[in-house]
Structures are given as structure tokens and as C-alpha cells.
Amino acid sequence: MRVFFLVGGTGYGVATDKKHQRFTMPNQAVANFETLMPRLHSPNTGNIIHREAMSRIVACDPKLSTTGYLPGLRAKRDRKLTHDIAYLNQNFDALVLSFANVIKRDPNPGAPESDVPANAHFRRMAMIVRGFGGAVFAFGMGIQDELATDPNTILPGLLDLLQALNEKAAVLAVRGQTTEGWLHSIGITKAVALGCPSLFVNPSATSAIAPLKVSGKLRLASAGRLTRKGMAEKRLQPLLHLAAQSDMDYIYQNDALGLRNSTGGVGYNYLTGELAHAPMAQREARISGQTAVFQRHYLFNNPDIWRGYAGSRDAYIGDRFHGGVAFLQAGRPAGFVYRDARVRELTGYLGLPAFQTDEVLASTPAKILEVINDGLPTFHRKYSAALEKFVTTCTTAGLPLVCGPQYA
């Protein structure tokens, strides 16, 4: 099967050649954050964990399949998509779309569509879905916030895309029951809750996650929002609280954007993902108003390096969902501090341990890890069922996978 894996949502860029839309360059050698910044695949590096998931697990012809983007989707103004659709129809049997939390409230309800550029992007995607003659599969859609049961709540362009997928997609997979229920309520009845595909990238390791021995000095990792806004919203304090009592590293995602104006630059090891400790510790102290407590600071632009690092730690406790998924993929337990609907939906689907801010502030790393340990039987039961549902749904619809219960 020749598959075009289209990066469907916003927030992730791919280096492609003009003719084939294929990746053409590896991650380049860089020595500091300033040279890394323009080479990041996404301003929020957590996107690399879910954006590449389907291309890892679909049993496609690797020589004739590709991950990429289409020139027509980048257009700043209306343009015909004839060339893009013809290219897909001539070269591919299936179109796999990957999304994230794209279902959001219309920021300007009632305003002209042209006032919101995303409308045109979604409209063009809908045209591609309707014009492609092969099989269409969509994965990973989720709700950003709670929404009223009214299709006019979201962007009209997004509604058009959802309707196109409801008409054409062999699978329209969403992240959880909340998103599934809302889409059904507005007539998108093909939506089915399958979780995030990134959860099924390495089922043998994820299924084998074992309880930790909560003794000694455990090696932990975290991710969140190490910014002044994160402090103001009290999202950073729980992580600082845990780090002060343990050997905990910090992994930057889009909060690394604050490093752009760092005086003197910040050194970076592109093969390990580690940022120079001294300037990062100083920055942490300025933001938190206390002595730095994170032992090391990381930023990953390569998912395999991220997972390799995750395998060297004992557990993850953080405020970023896909930051934690990298650890689950590596076979390490994870707990999630949450404040918004999307993280609660994603953790709830698999019974992953989730903690509110006050719960963490009133606890210790050892007690949090005990809760994570106690939740593993529920997680394993739900994960096994979710994996089987994911595989069965895809294969029944004609999308073969290289992952499955037999690998768990």
C-alpha cells in the first residue's frame, strides 16, 4: 500500500522537496539554542511524538510512501488544488491524516471567514479529502475546551472538513469519548474514540510497564510550562515542589521559546538534547524566585533521542501529555498533572494517573509514585482493550498495521 501521511493540523513543519513532498534533510548539527530554534520541527516539540505515530505503525510500502505536506495547503490566498489532488491520485492508494486538539471554539463567531486564516486551510483540506480517489483515514482529533452542542461553535472551515471526513473517511478516529460524543451530537456520526495513535507506537514496552520500587533516590523527569505565565497560573509550582524533593530533570516544549533572547546564548548538545546547565538553572531561578531545583534541562527535536532518554529514567510526572507518552513508549510509568479538558480526556481514556495541582502540592514524589503504581492494573486492562480496538478498527477498514496485541 502506497500511503501519503499528511500532517493535517497546525503546529508541525516538515522539510520536503517540491516534487515528492518527502523529507530531504536530517536534523543538522547545532551547538546552541539559537541555531537550533529555526530548525525545530515544531515550536511545541511535543507535537513530534504524535505527528509521526501513524507513519511508524501502518504496514505500508516504505519506498513508495511518504510523510509530507501539500503546496496548496500553504497557500496564502485561494488557489486551485487540481495539481495536489492529481499528485495524490497518481501516486498513492491511501491518505492518512494526523491531527491534534484542532476542535476549538471559533474565536470570532459571526465574523467573515476571511478574518480567520485557519478557515481557508480547513476548507482546502476538505477539498483534498473529497477529491482523493483512494481510502482516507483520520486520527488524533480532540477537543481543546468544553463546547456547546452547536456546530456553529467551531470555525465553519473546520466544520466543512469534519463533514468531508464524515462522508469519505474509512476511519475517523478521535482521542476520547468526550470528543466522540460532541461530534456525534453535531452529526459527525463516523467519529470513534480510539485514543491518540502515539500510545500504540511500541505496545510491547508500554504493556510491560512494571511498578517502581519506591525507595532510594529515583531518577524522575518532568515537563510543563517553565515560564512566568506558568508561575502566575500556578502550573509550575507542583513540578518545582516535586523536583525539590527528588532527582528530577526538566524537558522543555514550547516554553523553550523564551530562550530566544537569552544573553550570551545557551549551549546545546544536539545528540543528547541537553541544554547547558548554568544558564538554564539561572533562568529557572529568575522565573521561580527560588534556587533552581531541576537537575538537568532538555529539549528534544528527535523523537528517538527523546525515547532513549526516557528509558534511562525511572518515571515521568508532568504537565504535558505527549511529554509523558514518550516515557510510556519507552516502557516507563507516567503520571500527569492536569488543568484542562484535553489532558483529562486523554488520560481518562486509558486510566492513566492524573493529579490536580493541589493534590501534588500536598504530596511527595514517593506518594505520587505509589498512586501511579496502584493504577497500573487499571491502565494495563484499559490499554489492552484500547490496543485491540485500535487495531481491529483500522484493519477492518483496510488499513494494515505493524503493531497489535500480538506485540504486546
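The values are calculated or read from the model by the stated rules, or taken from the named source; none is laboratory data. Model, not experiment: these values are computed from the prediction. Note: ideal-geometry Cβ built from the backbone for every residue, glycine included; neighbour counts use all protein chains shown.
Whether any residue in region 149-159 is in a strand (DSSP E or B) and surrounded by fewer than 23 Cβ atoms within 10 Å (Cβ to Cβ) is what I want to check. No, region 149-159 contains no residue that is in a strand (DSSP E or B) and surrounded by fewer than 23 Cβ atoms within 10 Å (Cβ to Cβ).
With respect to (1) in a loop (DSSP other than H, G, I, E, B); (2) surrounded by 15 or more Cβ atoms within 10 Å (Cβ to Cβ); (3) not assigned by TED's automatic domain parsing to the domain that holds VAL58, the lone exception for LYS234 is condition (2). Applying the condition of being out of contact with any Leu (no Cβ under 9 Å at 6 or more places or on another chain) and among the charged types (D, E, K, R) to region 248-307 and asking which residue is surrounded by the most Cβ atoms within 10 Å (Cβ to Cβ) yields ARG307.
All of (1) farther than 26 Å from ILE49 by Cα; (2) of a type in the set (A, V, I, L, M); (3) assigned to a loop (DSSP other than H, G, I, E, B) hold for ALA164 with one exception: (3).
Looking only at residues that are of a type outside the set (S, T, N, Q) and modelled with pLDDT under 85 in region 121-149, which one is farthest from VAL58 (Cα to Cα)?
Only one residue fits best here, namely ALA148.
Among residues belonging to region 238-277 that are part of a helix (DSSP H, G or I) and over 22 Å from PHE327 (Cα atoms), point out the one that is modelled with the lowest pLDDT. In this case the residue turns out to be ASN261.
Within region 124-143, the set of residues being among the basic types (Lys, Arg) and crowded, with 19+ Cβ neighbours inside 10 Å comprises ARG124 only.
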